[in-house]
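Note sheet for the following structure.
Values quoted throughout were computed directly from the atomic coordinates according to the rules given, and no laboratory measurement underlies them. Please read all numbers here as calculations on a predicted model, not as lab measurements. Note that each Cβ is placed from the backbone with ideal geometry, even for glycine, and that neighbours are counted across all protein chains shown.
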Amino acid sequence: MRRFRGEILIAAALFLLLVLYSLPSLALQPVEEFVAGARRRNPDALEARANVSQQEAQATSTLGRVLPGVSARGSYTRNQYSSEIDVAAPGQPPQIVTVVPKDQWDGSATLHVPLIDLAGFRRVGAARTNAEAAAHQLDATQLVVEGQVVQDYYQLVANLALVAAAQTALDVSREGLRLAQARYQAGTAATLEVDRARADVEQQFQQLAAAQLQVALGGRALESSSGVNPDVSTVVPLGDDLHPEAELAAFEGALPGLPAVAAASASTRAAEKQAEAQRLALAPAIAGTFTERGTSAPGFSTHDWSYQAALTATWTFDLSSIADIRAQDAAADGARARELRARLAAGDAIHREWNTVVAGIARSRSARAGREAAAHASQQARERYRAGTATQLDLLQAQRDAFSAEVSRIQADADLVNARAQLRLSTGRSLLADDGRKGTP
């Protein structure tokens, strides 16, 4: 009988140690390491960076079309027969002119100088603005990538904490099984209690397997989004001090400067410049050319080298000109609509994340209180079960409630920490920015 009571005391102490202890989550590398890895290796960030380079190159190409340019041409001709004539007057010495030589060399260089090209000059401005929009879009994409990485990171932290909680619950269930077996051997419990305890162990084992699956899937998702292999070899705590955020207006003040809004605004300006350039295409374009030509067969000119200077004016008009203007105007209207959508989406994101933090604080505070209450109830149920004033069903239910409360607390804390980070990202503050709260949600 003393041995039986000793086992009960040991089981109770183990339960208090494992259930009432605030479980830390198995930790990963700092979140900044995953964010930095995503900036270097995430496909969306790489694509946005390539798009910036492409737009900058296109802007340079557009500028080159309105700047002076040089072209050169050279050729060698081998003729089967040569052709020569004597152009000397009768009685004068022969003056042979080679019309077609057997071997002929020709070369020319032309300098092309656009003088008046209003549409071309305006397109240069549009191309530069497109490059500016691409740069802002890169910043916006990096923030979106950071948001996804942060969400995957803290969800993985929560999943790891759930594995620890499930393992603890499994250990408690196994200790309960040993307690039920001891009571059965002492003749104070029926076989039914042993079967219930064994069934509870198997249920907790299934919950542990499900939590481990979520860790495997979450770890792969984080590695895919960041390019960094998660390391779970060390331990760090998961929690939040539940401090309130600043007023919503303080975050909404950053709306005009957000990269997504700036990118949409630049795209609108570029579309407006393209529409203006299409109208200016109705004006004639004037260009000057200067060509220097050299040949080994000057013919009747008798000069091996000669130049040619010209001014050309080009003007075209047809039905497509009017249609192109209407198309560019419609494109500009579409860009304005997308800019408005971007502003509304950015404002909605700030409003959503701020209210998510407010709700998360309340939820986390409630989850912590519920965890403490459930743990206390589980302790009381175990003491009453030991004293014989509570049934095994009461004990099992109390243990399950304590596990569910711990799971709710873990998820609530992880969601709150993630919400704080998402709020800062929604206002354009990268977790890698050098501010007083770098990387701290």
Can you tell me the length gained on complete extension of the stretch ALA72 to SER53, counting 0.36 nm per residue apart and subtracting the Cα distance? 3.9 nm
Mind listing the Cα extents of region 273-413 along all three principal axes, in Å, largest one first? 128, 41, 22
Using a Gaussian network model of the chain whose springs link C-alpha atoms within less than 10 Å, name the residue from VAL194, VAL99, VAL145 with the highest mean-square fluctuation. VAL99
Among GLN392, ALA359, ALA335, whose Cα projects farthest towards the positive end of the dipole of region 291-427, with charges put on the beta-carbon of Lys, Arg (+1) and Asp, Glu (-1)? GLN392
For GLN212 and ARG40, calculate 0.36 nm times their separation in residues minus their Cα-Cα distance, and state this gained length in nm to one decimal. 59.0 nm
So for region 140-239, what percent of the C-alpha to C-alpha distances run longer than 23 Å? 45
Folded to 0 to 90 degrees: helix 31-41 orientation relative to the chain principal axis, Cα: 30
Cα point-scatterer Debye curve for region 205-289, base-10 log of I(q)/I(0) at q = 0.11, 0.17, 0.18 Å⁻¹: -0.75, -1.00, -1.02
Taking chymotrypsin sites (Phe, Trp or Tyr not before Pro) in a DSSP loop with at most 15 other Cβ atoms within 10 angstrom as exposed, one finds the longest site-free stretch of the chain at 82-314
Point-charge dipole on Cβ atoms (K/R +1, D/E -1) for region 81-217, about Cα centre, debye to 20: 600
Please give the helix 2-19 orientation as an angle from the longest Cα principal axis of the chain, in degrees from 0 to 90, rounded to the nearest 10. 30
If one compares the long axis through the Cα atoms of helix 259-280 with the longest principal axis of the Cα atoms of the chain, the angle in degrees, nearest 10, works out at 20
What full-extension length gain, to one decimal in nm, is calculated for ASP231 and GLU383 as 0.36 nm per residue of separation minus the Cα-Cα distance? 50.7 nm
Computed magnitude of the charge dipole of the chain (debye, nearest 20; Cβ of K, R +1, Cβ of D, E -1): 1240
Kirkwood Rh, Cα atoms: Rg over Rh of the chain: 1.36
How large is ³J(HN,Hα), in whole Hz, for each residue of region 155-161 in order, when computed from phi with the Karplus curve 6.51 cos²θ - 1.76 cosθ + 1.60 and θ = phi - 60°, using x for Gly and Pro? 5, 5, 4, 4, 5, 5, 5
Rank ALA199, GLY227, LEU170 by how far each Cα sits towards the positive end of the charge dipole of region 169-242 (+1 on Lys, Arg Cβ; -1 on Asp, Glu Cβ) and give me just the farthest. ALA199
Calculated from DSSP helices alone, with each H run of at least 4 adding -39500 (n - 2.57) and the total divided by the residues of the chain, [θ]222 nm to the nearest 500 comes to -23500 deg cm²/dmol
When only C-alpha pairs under 8 Å and at least 6 residues apart count, what is the relative contact order of the chain, in percent? 24
For region 190-231, divide the Cα radius of gyration by the Kirkwood radius and give the resulting Rg/Rh value with two decimals. 1.38
